[in-house]
């Protein structure tokens, strides 16, 4: 009995060892297809991350040049007399732009010309200066040497000034920001009620046949080229607004028509995402609400909307991001010049529209206009990035998990 029992134990141990060996050999068997898929997915994710990082680095480095570049503006002034290397009082000719205390001036048209800083303005033609600033060499200059004023960009002026014209020394981005804000606000005032209403109808009221017809029609709007929307705004919406409010009130290019059509553009985004959020609410919550005697409207407003709040909030912020970054509609219908105005019937230029308009021109690399494109682009990028961060925070804060 002992021998038999021992032999059985040995056989069981051998059996288990054999099974472990087979399992290990099966686990170690190379699966080339799985490894290839795993490698492809890893490289795709890594490429996406590296692309975002590279884009941010390039955009940021070029935008920094905008704040580090001095643009030399022709003020149509010349020296009214010869100066020696140690002279600190300059006589300028009459006419041209005025010179103020603290201005940075460059003598001669050459990039390596001497730079001076105005320390005192005695009168319209006489100034006192500090010679040889920024490492330039103080040297004699003959009569009639042209004088250029340096325009230096500061963060304070960039975010507080209301004039944007980098080529003449005006570096305030507020006109572009306010135009972007106005068109996005008008667009959301159109897209939010219509998109959310369409989502509620498709989720709770529409029959399966009606839903199968209406939802694809709404999603078709997302496939229309934005340039078509732009000309629709210019040739249909603008004349309609001018006929209602008057041609003396509504300009040909205006933020209202662009914003209204931007709202039409983002209706599918809000409707689709909101409808998915409402559909994801468990059926048991609806049944419980109806079982307590609630009407369909009460169920929607008091049960479904609060339960799907995170998804609806994400849809709204996604729509705002889409409106902020829209280019062709505002480029065609809103106007082609910065204008600090909160009147929706005025023409104005958004950040995206400005980038598109400037980028299509013949601007030399390294100029203030060239660098300004990246500065505005970085501002737009930061704005959309903050919206996405806010979307993630809201989604996590109000997310409901159902078992």
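Every read-out reported here was derived from the displayed coordinates using simple, explicitly stated rules and does not represent laboratory data. Please read all numbers here as calculations on a predicted model, not as lab measurements. FYI the Cβ positions are ideal-geometry reconstructions off the backbone, even for glycines, and counts take in every protein chain you see.
Order the peptides 304-314, 324-334 from the highest to the lowest mean number of other Cβ atoms within 10 Å of their residues. Intermediate values should be presented prior to the final figure.
On the way: 304-314: 19.9, 324-334: 25.0.
Top to bottom by mean Cβ count within 10 Å: 324-334, 304-314.
Here Cα extents along the principal axes in Å was calculated from the structure, and among [x] 70, 47, 46; [y] 123, 75, 35; [z] 78, 52, 39 it sits at label [y]. Exposure proxy ranking for 188, 292, 255, based on other Cβ atoms within 10 angstrom of each Cβ and starting from the fewest, stands as 292, 188, 255.
Given the -39500 (n - 2.57) contribution per DSSP H run of 4+ residues, what per-residue ellipticity at 222 nm results for the chain, rounded to the nearest 500 deg cm²/dmol? Could you put the intermediate results ahead of the total?
On the way: 14 runs with 225 residues, N = 403.
Calculated mean residue ellipticity at 222 nm is -18500 deg cm²/dmol.
So for the chain, averaging the separation of alpha carbon pairs under 8 Å that are six or more residues apart and normalising by length, what relative contact order in percent results? Provide the component values of the computation, followed by the final result.
Details: 637 pairs, mean separation 67.9, N = 403.
17 percent.
Return one number: the angle in degrees, 0 to 90 and rounded to the nearest 10, between the long axis of the Cα atoms of helix 174-200 and the longest principal axis of the Cα atoms of the chain. It works out to around 20 degrees. Which residues does the label zone of residue 386 cover in region 33-76, counting backbone N under 20 Å from a point 7 Å along Cα→Cβ? Answer for region 33-76: 56-57, 59-61, 63-64, 67. Between helix 255-279 and the chain there is an angle of about 20 degrees, using the helix long axis and the longest principal axis of the Cα atoms. Which of the three applies to region 174-398, rounded, prolate or oblate, going by the alpha-carbon gyration tensor with a ≥ b ≥ c and a/c under 1.5 meaning rounded? Note, shape of region 174-398 comes out prolate.
Helix 208-220 axis versus longest C-alpha principal axis of the chain: approximately 30°, rounded to the nearest ten. Packing, taken as the mean count of other beta carbons within 10 Å per residue, orders the peptides 143-153, 107-117, 55-65, 176-186 from highest to lowest as 176-186, 143-153, 107-117, 55-65.
Regarding region 71-152, what's the average projected area of the Cα-atom convex hull, expressed in nm²? Don't skip to the answer; put the middle values down first.
Numbers: hull surface 17.9 nm².
Mean orientational projected area (region 71-152, Cα hull): 4.5 nm².
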